[in-house]
Amino acid sequence: MKLTTASKITILRVLLIPVVIVLMYLDFEWHMYCALAVFVIASASDFVDGYIARHCNQVSNFGKFLDPLADKLLVISVMLVFVDTGLFPAWVAIIVVARELAVTGLRLVAVEGGKVIAAAWYGKIKTASTMVCFILLMLPVPEWTVTACWIVVLATTVYSGIEYFVKNASVFK
């Protein structure tokens, strides 16, 4: 299998995940700013690989598999560090992970029935708002911003999860 440029960028995103996590835990003056820089690069690579895949005719089954997996791994990994450090409630993280697993399950059921469920617009809004919130949480922000961030992540996660199931209820018939 020959890897496309888009798939190579996705693989890079996966490889950047442990770098972000290690930087978040290290103890030196600028560690969170370094983690933030790597996180921004990893997050931006999601948009870059998707653009390249669509506009350069590099959409592949490998990319369709790895891209959403890379996104989930990045978000869940960083979120779990926030839970561990007390910036994010564990119950919110559980809901986020449950939504990701449920939507992945929905997609698997749909594929078995010959239907492909593309990323919904609100799912993209959820991803973007989560990335922005995580960027903010890597900065020294007031407590109300921390609370606002996990509320935004929770609200967009729940809404987009409901949207996926309502729009694709026919998959279960």
- Message: Among the residues of the stretch 85-128, what is the count of those that are aromatic (Phe, Trp, Tyr) and surrounded by 14 or more Cβ atoms within 10 Å (Cβ to Cβ)?
- Response: 2
- Message: When you check residue 6 against the structure, is it touching a helix residue (DSSP H, G or I) at 6+ places or on another chain (Cβ under 9 Å), over 21 Å from residue 139 (Cβ atoms), touching a residue at least 12 places away in the same chain (Cβ under 8 Å) and crowded, with 19+ Cβ neighbours inside 10 Å, yes or no?
- Response: yes
- Query: Is it true that residue 73 is open to solvent by 60 Å² or more (accessible area, probe 1.4 Å), part of a helix (DSSP H, G or I) and free of Cβ contacts under 8 Å to residues at least 40 places away in the same chain?
  - Reply: no
- Message: If residue 80 meets every condition in (1) farther than 23 Å from residue 20 by Cα; (2) without any contact (Cβ under 8 Å) to a residue 24 or more places away in the chain apart from one, which number is that one?
- Response: (1)
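Residue by residue, here is whether (1) polar (S, T, N, Q); (2) surrounded by 15 or more Cβ atoms within 10 Å (Cβ to Cβ); (3) at pLDDT 95 or above; (4) over 17 Å from the mean Cα position of the chain (by Cα) holds:
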residue: 14; (1), (2), (3), (4): no, yes, yes, no
residue: 22; (1), (2), (3), (4): no, no, yes, yes
residue: 29; (1), (2), (3), (4): no, no, yes, yes
residue: 35; (1), (2), (3), (4): no, yes, yes, no
residue: 61; (1), (2), (3), (4): yes, no, no, yes
residue: 66; (1), (2), (3), (4): no, yes, no, no
residue: 81; (1), (2), (3), (4): no, yes, yes, no
- Message: Report every pair of residues separated by at least 6 positions or lying on different chains whose Cβ atoms are under 8 Å apart, first residue within the stretch 96-116 and basic (Lys, Arg), second open to solvent by 50 Å² or more (accessible area, probe 1.4 Å) and assigned to a helix (DSSP H, G or I).
- Response: 99/158
- Note on the structure: Within the stretch 129-164, the count of residues that are open to solvent by 20 Å² or more (accessible area, probe 1.4 Å) and either not in a helix (DSSP H, G or I) or not charged (D, E, K, R) (or both) comes to 19
- Condition broken by residue 79, with the remaining ones in (1) closer than 21 Å to residue 147 by Cβ; (2) outside any helix (DSSP H, G or I); (3) of a type outside the set (Val, Ile, Thr) satisfied: (2)
- Mind listing just one residue for me: the one in the stretch 58-70 that is assigned to a helix (DSSP H, G or I) and of a type in the set (Gly, Ala, Ser) and, of those, farthest from residue 20 (Cα to Cα)? 63
- Item | Per-region count, the stretch 105-131, residues under 26 Å from residue 40 (Cβ atoms) and touching a helix residue (DSSP H, G or I) at 6+ places or on another chain (Cβ under 8 Å) | 10
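The values are calculated or read from the model by the stated rules, or taken from the named source; none is laboratory data. This structure is a prediction, so every number in the text was calculated from the model and none was measured. Cβ coordinates were reconstructed from backbone atoms using ideal geometry, including for glycine residues, and neighbour counts include every protein chain displayed. Side chains are part of the model used for accessible areas, which takes the heavy atoms of the whole protein and leaves out ligands, DNA and RNA. Shrake-Rupley method; radii C 1.70, N 1.55, O 1.52, S 1.80 Å.
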